[in-house]
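Structure record follows, encoded as structure tokens.
Just so you know, all these numbers are worked out from the coordinates, no wet-lab data involved. These figures come from a predicted structure and were not determined experimentally. We place every Cβ from the backbone using ideal geometry, glycine too, and count neighbours over all the protein chains shown.
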Amino acid sequence: MPLNLEPNIPDPDGFYDLLLAAHQGLSKDESDALNARLILVLANHIGDVDVLREALTAACNRSE
Amino acid sequence: MVDVRYDIAFRLYPYEKVPDQDLPPKRHPVVIVGGGPIGMALALDLGRKGTPVLVLDDHEGVGQGSRAICFAKRTLEIADRLGAGQAMVDKGVVWNVGKVFHGDDQVFEFNLQPEGGHKNPAFINLQQPYFEKFIVDEIRKAQDDGAPIEIRGCNAVTGLTPAADHVVLTVETPDGHYQVEADWLVACDGARSPLRDMMRLSFDGRVFEDNFLIADVKMTADFPTERWFWFEPPFKDSGQSALLHKQPDDIWRIDFQLGWDIDRAEELKEENVRARVDAMLGEGVAYTLEWTSIYTFQCRRMQAFRHDRVFFAGDAAHQVSPFGARGANSGIQDADNLAWKLDLVIRGLAPERLLDSYSEERVHGADENILNSTRATDFLTPKSEMSQIFRNAVLALAREHAFARPLVNSGRLSMPCVYDGLSLNGPDLLDGPKRTRVGAPAVDAPLGESHLLDHLPEGFTLLCIDASAPDLEAVDGVSLTHLNLSAEGNPLLADRYLGDAEGAVYLLRPDQHVVARWPAVSADEVRAAMQTALGKDVGCP
């Protein structure tokens with residue numbers, strides 16, 4: 001299955017809230033550590049290395 | 001004068017003046033420079049095949065210090081083929097359980113749990129001097145049986161001149177220098193290989209800026225026979241990581257990762273080593289310091305391991321970090337790979353280009369080892385702030401969640417090399433198990449009260465399992481021995497060699513790697529595969 005880059009989260013605002021809430025009150029170091037753990041947990045859930053490679057590419061090729 | 005670079009643990013080959021020293025240079029079919037584990041294993045293998053071999057070593061025996069301590073199953077299987085394996089297993093410490101700690105906390109525990117039906121354990125711990133001594137013991141036995149092996153101690157090679165069909169060596173001894181000619185020369189002279197320098201060959205790779213302190217301590221304390229590894233250890237001044245591992249004779253290997261900017265002489269002072277060891281073992285544990293050393297490491301290899309008449313093997317050809325026990329274990333596979341090829345070429349039974357496959361196959365092996373060892377090192381010593389964050393995230397998650405444990409890398413332990421897709425491989429026409437595919441070394445299996453690998457004859461083997469083989473006993477003068485087996489009532493043999501197939505024919509090389517396999521096969525097909533494995537394939541450059 002290819003990487004899904006179309007909207008896939010039913011309640012986007014609710015999810016964004018969850019993400020920020022998890023970081024609430026954390027120091028920069030603690031937040032960095034949380035993000036790293038979160039990436040590892042999600043990556044394992046996806047499991048498919050082709051999808052992970054596509055995700056890394058999508059994340060690297062951001063336009064700012 | 002011959003420089004003494006280290007102290008001797010076992011004085012196995014004291015210097016003796018030989019008549020050649022006063023005569024014009026004598027030609028030898030094979031000269032091996034360096035009497036470490038790789039050079040001696042190669043000498044033993046060649047000598048057992050009847051090919052005359054001369055070993056020149058600049059010392060009179062095996063050096064002190066435990067150095068390589070972890071020997072893998074494939075190494076023990078090769079040593080078994082050479083007759084030295086049982087002594088190693090009898091003396092070695094078998095271990096299966098490993099524990100990984102981060103600071104004060106245990107992150108997880110693993111068990112190598114070797115599967116059944118193998119003669120040899122997954123790993124043993126054994127000090128390198130014993131490993132070397134057992135090979136030399138076997139050389140002495142082979143010599144008594146007429147094997148043409150000669151070892152000259154305190155013979156240091158100081159010069160090398162290539163000629164058209166041989167090389168000339170200048171050899172320094174306590175009685176002055178003399179010259180030796182070699183049709184083929186194998187440099188097994190270690191990571192700092194003087195021969196490599198004499199030939200001005202490069203040795204490129206990556207330097208890791210880190211120092212590791214080894215302390216071998218002798219104690220009768222009641223620690224279990226397990227491998228304990230700490231990331232960011234909690235004991236005072238212990239550096240970024242530490243390791244505790246048992247060896248025979250009540251000796252424990254302790255490793256401390258000290259970082260880059262250290263004062264080596266200061267760190268090696270007994271009181272400073274003891275302070276670290278005390279902090280790790282706890283107050284009141286009595287021990288003696290047997291051996292200490294500080295090492296740094298690099299991951300690098302030569303471009304090619306054959307340079308015309310000269311071969312490089314072991315650390316002289318490739319160097320890895322110690323994590324994963326891939327140094328000596330891969331060097332033994334070099335010797336295993338080169339011996340039969342050199343023997344057949346010297347006998348005129350195979351073309352010289354068979355020798356190029358030594359470089360092709362063992363460069364492949366070295367790259368695999370360098371990759372694994374570099375990855376382990378990057379996990380152990382994160383090179384950036386973010387890699388440190390990810391490393392610690394893995395360790396934090398591994399305590400709670402099984403998924404993160406395979407990501408923890410304190411060294412991926414040496415596995416046998418598979419020569420996937422290389423020049424000497426024949427066809428893989430059996431829809432068989434992956435582990436015994438073409439290029440892989442034969443996997444052991446039970447055979448009644450004994451084991452399969454013990455039954456493999458020297459030389460090329462046609463292994464027929466519930467299949468009939470064509471009547472073919474030699475190809476172009478190279479003999480082929482048949483071994484007929486049945487997997488009936490032997491589910492492990494079936495599982496490892498047949499899979500879903502009803503029968504199979506495997507062609508094995510003298511180093512037990514699979515050349516080709518078929519569900520059924522004709523004499524012509526076997527002949528063609530064997531010619532490929534002998535480097536005669538016309539498709540081969």
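Taking 24 Å as the straight-line reach from the Cα of B:LYS269, the lysines in range (excluding those fewer than 8 positions away in the same chain) are B:LYS218, B:LYS236, B:LYS246. Other residues whose C-beta falls under 10 angstrom from the C-beta of B:ASN409 contribute a net charge of +2, scoring Lys and Arg +1 and Asp and Glu -1.
For chain B, what is the mean residue ellipticity at 222 nm derived from helices alone (per DSSP H run of n ≥ 4: -39500 (n - 2.57); sum divided by total residues; nearest 500 deg cm²/dmol)?
Counting only the DSSP helices, I get -8500 deg cm²/dmol.
Most simply put, the protein assembly as shown has about 70% antiparallel DSSP beta bridges, counting only bridges with both residues inside it. For segment B:145-197, trypsin sites (Lys or Arg not before Pro) meeting the loop criterion (DSSP other than H, G, I, E, B) and having at most 16 other Cβ atoms within 10 Å: B:ARG192.
When the Cα positions of B:PRO174, B:ALA317, B:GLN512 are compared along the charge dipole of the protein assembly as shown, B:PRO174 comes out farthest toward the positive end, with charges on each C-beta of Lys, Arg, Asp and Glu. Please report the base-10 log of the normalised intensity I(q)/I(0) for segment B:131-263, using a Debye sum with one equal scatterer per alpha carbon and no solvent, at each q in 0.22 (1/Å). The Cα Debye sum returns log10 ratios of -1.27. Taking every DSSP bridge with both residues inside chain B, close to 70 percent are antiparallel.
Overall, the anisotropy analysis places chain B in the oblate class: the square-rooted eigenvalues a ≥ b ≥ c of its C-alpha gyration tensor yield a/c not less than 1.5, with a/b not exceeding b/c.
In segment B:86-204, taking the dipole from charged Cβ atoms about the Cα centre, the farthest positive-side position among B:GLN106, B:THR161, B:TYR130 is held by B:GLN106.
Measuring r between the beta carbons of B:LYS434 and B:MET219 and using R0 = 45 Å, the FRET efficiency lands at 0.55.
Would you tally the net charge around B:TYR497, using a Cβ to Cβ cut-off of less than 14 Å, leaving B:TYR497 out, and scoring K and R as +1, D and E as -1?
Residues near B:TYR497 contribute -3 overall.
Here the residues B:CYS464, A:CYS60, ranked from fewest to most Cβ neighbours within 10 Å of their Cβ, fall in the order A:CYS60, B:CYS464.
Rounded, prolate or oblate for the protein assembly as shown? Axes are the square roots of the Cα gyration tensor eigenvalues, ordered a ≥ b ≥ c, and the cut-off for rounded is a/c under 1.5. Don't skip to the end; give the middle numbers.
Details: a/c = 1.84, a/b = 1.27, b/c = 1.45.
Note, shape of the protein assembly as shown comes out oblate.
With a sphere of radius 14 Å drawn around the Cβ of B:PRO194, what net charge do the other residues whose Cβ falls strictly inside it have (Lys, Arg +1; Asp, Glu -1)? Could the numbers behind the result be given before it?
Numbers: positive: B:ARG5, B:ARG192, B:ARG196, B:ARG200; negative: B:ASP3, B:ASP57, B:ASP58, B:GLU172, B:ASP189, B:ASP197, B:ASP315.
Residues close to B:PRO194 contribute a combined charge of -3.
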